[in-house]
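Please treat every number below as a calculation from the coordinates, not as lab data. In this text, all values refer to a predicted model and were calculated from it rather than measured experimentally. Here the Cβ is made from the backbone with ideal geometry for all residues, glycine too, and neighbour counts use every protein chain on show.
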Amino acid sequence: MALILPAQTESRRTKDAAQFWSEAKNSGEIREYSHWVGEGRFENSDTWASIGETHFQMWKQFTTICGEEQVNKRMIEWGSGGGANAIAFAPAFENFSGVEITEASLNECKKQLETRGIKGFTPMLINTESPEEVLTQIDEPFDFFLAVGVFHHFPSKDYGARVLSVANAILRPGAMALIQIRYDDLRPKYKPKSRDYKTHAIHFTSYKLHEFWNLASDKGFTPRFIELRPSVNFAYFYLTKEKV
């Protein structure tokens, strides 16, 4: 019988996550995980740029369905990484804010935007243990919230719930959110983990589809539809913030 070790504390997992991603400045592997151009599978810049182009088209599809295409003033991305999404989205918004827990990735994102002459970027560096810090760094609500390639790296499902609460708080009523999660299909690889973050960082946190749907609803969002990528257990949730 396999030995089942107890879950580590939320604080321990969060600190391990912070340390893991802080290695972006020293580790090519972490930079690849953080979607930096020129690293690993993103050695080809076109492959790297296609990340943002894909998500940009998903947003355009969403705006058409919701009839909100005219709203494109303020956007925030949670986990801006190396800027692949930023270079695609920022030109369409008056202000693009990027949230990061590592200064190295935030600087890389800023560099990629500046290289292309794209203005209107607001960097937001937060403490990993306090996602709510974002609330102190904004002065007006956003029209769109993007978080892709992020939620499955969180140290717990509860941490994801906290970020959802922050997302709802910083969006205007009726605003849109596109959030990608890893979904739990009961296979060990994709089940949520509770210890040894550095070993399991790439597949650490997952949700059952109905679980995340209900969580988003509880946090004040209206789920519109889900798009699945079964080859990697990705689910994209298209959400709108409930109107008052």
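Some observations on this one:
Condition check ((1) in contact with an Asp or Glu (Cβ under 6 Å, 6 or more places away or on another chain); (2) exposed (fewer than 15 other Cβ atoms within 10 Å of the Cβ); (3) within 21 Å of F204 (Cβ to Cβ)) across all residues:
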{"position": "E10", "(1), (2), (3)": "no, yes, yes"}
{"position": "R13", "(1), (2), (3)": "no, no, yes"}
{"position": "A24", "(1), (2), (3)": "no, no, yes"}
{"position": "S27", "(1), (2), (3)": "no, no, yes"}
{"position": "G38", "(1), (2), (3)": "no, yes, no"}
{"position": "D46", "(1), (2), (3)": "no, yes, no"}
{"position": "W59", "(1), (2), (3)": "no, no, no"}
{"position": "I65", "(1), (2), (3)": "no, yes, no"}
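- Here Y190, Y183 are screened, and the one residue that is touching a residue at least 40 places away in the same chain (Cβ under 8 Å), buried (at least 17 other Cβ atoms within 10 Å of the Cβ) and not hydrophobic (A, V, I, L, M, F, W, C) is Y183.
- Look at region 31-49: where a residue is free of Cβ contacts under 8 Å to residues at least 12 places away in the same chain and a partner is aliphatic (A, V, I, L, M) and part of a loop (DSSP other than H, G, I, E, B), sitting 6+ places away or on another chain with Cβ atoms under 6 Å, you get S45/V37.
- Checklist (1) in contact with a Pro (Cβ under 7 Å, 6 or more places away or on another chain); (2) touching a residue at least 40 places away in the same chain (Cβ under 8 Å); (3) assigned to a loop (DSSP other than H, G, I, E, B) applied to I138, failing item: (1)
- Taking region 20-30 as the range and being assigned to a helix (DSSP H, G or I) and either of a type in the set (S, T, Y) or in contact (Cβ under 8 Å) with a residue 60 or more places away in the chain (or both) as the test, the residues that pass are F20, W21, S22, A24, K25.
- The residue that is surrounded by the most Cβ atoms within 10 Å (Cβ to Cβ), among those in region 71-113 that are without any contact (Cβ under 8 Å) to a residue 60 or more places away in the chain and acidic (D, E), is E100.
- Within region 156-244, strands (runs of 3 or more DSSP E) holding 1 or more residues that are over 18 Å from the mean Cα position of the chain (by Cα) and closer than 21 Å to E77 by Cα: 171-182, 221-229
- In region 84-112, residue nearest to V166 (Cα to Cα) [restricted to those that are within 12 Å of the chain's Cα centre (by Cα) and outside any helix (DSSP H, G or I)]: V99
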